[in-house]
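This report refers to the structure that appears directly beneath it.
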Amino acid sequence: MARYNAAYEIHVHGEVSLRADVDLAQLQDALRPLWKYAGSSSLQDGATSAYPEEPGIRFDAQAHLLQMCWTVPGDDDFRQCLDEMCMSLNELTAAGAAIEVTFYDNAFDEDDEDRGEDSRDDFVMLFVGPTPADIMQAQRDMLINDVVHLMERHFDGAELGGVVNEIDKLFSQRFDNLLNSLDLGRPPRGSGGNGHGGSGHGGRKPRHLH
């Protein structure tokens, strides 16, 4: 159903690699919390973003990709939909991936900003993947990407090997703690990363238009 006077415009953005055997029916079921929240009766109807310039929710069956650049009006109860979506989507993924969710405060305007008031904007980073190890790998890759990007303003990339190694140690320690009770496969390792974004809140985060 349409949400009038919604507290937020909520933007969901990410690209998720799916297993080769995943079909549209399975994806529609996994994304049910999103399209139902939008008041639609199917993924096809709910995939359209509130902003026509955004591509919305797309399933590239040939590339086995879920692509999301989708905005919906909503409130804080949307966070429960995100939890449900991630739980269902994990089973369909082929690798770890990040999903960015930005809550834009509808009540905040330029006059509020001029008065020095703070908006209720919020930014949440979610991770999905077939196993906790894959999710941790995606987190690790994103962190290294962010740290290297920041530090390359001051240091040559070749000087940052020690920083990457220390981040790897932290994730390996976290992974070892998980292994105390679960068999999760190999710990995250490697160099570089292809993640983007970060976590935190506050401030106006620009929209992604791909």
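The values are calculated or read from the model by the stated rules, or taken from the named source; none is laboratory data. Remember, it's a predicted structure, so these values are computed and weren't measured experimentally. Cβ sites come from the backbone with ideal geometry, for glycine too, and all protein chains shown count toward neighbours.
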Counted residues in the stretch 30-42 being of a type in the set (D, E, K, R) and closer than 13 Å to PHE59 by Cα come to 0
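Of the residues that sit in the stretch 13-36 and are out of contact with any Leu (no Cβ under 7 Å at 6 or more places or on another chain) and assigned to a strand (DSSP E or B), which one is farthest from GLN137 (Cα to Cα)? First the steps, then the outcome.
Taking the stretch 13-36 as the starting set, the residues that turn out to be out of contact with any Leu (no Cβ under 7 Å at 6 or more places or on another chain) are 13-14, 20-21, 23-25, 29, 32-34, 36.
Next, only the ones that are assigned to a strand (DSSP E or B) stay: 13-14.
On the way: HIS13: 19, GLY14: 16 Å.
Among those that are out of contact with any Leu (no Cβ under 7 Å at 6 or more places or on another chain) and assigned to a strand (DSSP E or B), it is HIS13.
With respect to ASP156, determine if the residue is modelled with pLDDT of 90 or more and over 30 Å from ASP60 (Cβ atoms). Write out each step before concluding.
Numbers: modelled with pLDDT of 90 or more: no; over 30 Å from ASP60 (Cβ atoms): yes.
Taking the combined requirement at face value, the residue does not satisfy it.
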The residue from VAL16, VAL22 that alone is buried (at least 21 other Cβ atoms within 10 Å of the Cβ) and in contact (Cβ under 8 Å) with a residue 60 or more places away in the chain is VAL16
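For the structure I just gave you, tell me whether ALA30 is in contact (Cβ under 8 Å) with a residue 12 or more places away in the chain, over 19 Å from the mean Cα position of the chain (by Cα) and closer than 16 Å to LEU92 by Cβ. Even if it seems obvious, please write down each step before you answer.
On the way: in contact (Cβ under 8 Å) with a residue 12 or more places away in the chain: yes; over 19 Å from the mean Cα position of the chain (by Cα): no; closer than 16 Å to LEU92 by Cβ: yes.
No; evaluated as a whole, the condition is false for this residue.
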Considering residues that are among the charged types (D, E, K, R), over 22 Å from ALA97 (Cα atoms) and surrounded by 12 or more Cβ atoms within 10 Å (Cβ to Cβ), the number found within the stretch 132-182 is 1
Within the stretch 56-79, residues in contact (Cβ under 8 Å) with a residue 12 or more places away in the chain, surrounded by fewer than 15 Cβ atoms within 10 Å (Cβ to Cβ) and either in a strand (DSSP E or B) or not charged (D, E, K, R) (or both) come out as ALA61
Taking first residues from the stretch 124-151 that are on the phi < 0 side of the Ramachandran plot and second residues anywhere that are among the charged types (D, E, K, R) and surrounded by 18 or more Cβ atoms within 10 Å (Cβ to Cβ), the pairs with Cβ under 7 Å that are 6 or more apart or on different chains are MET125/GLU100
If we keep only residues of the stretch 37-55 that are part of a helix (DSSP H, G or I) and without any contact (Cβ under 8 Å) to a residue 40 or more places away in the chain, then the residue nearest to ASP77 (Cα to Cα) is GLY46
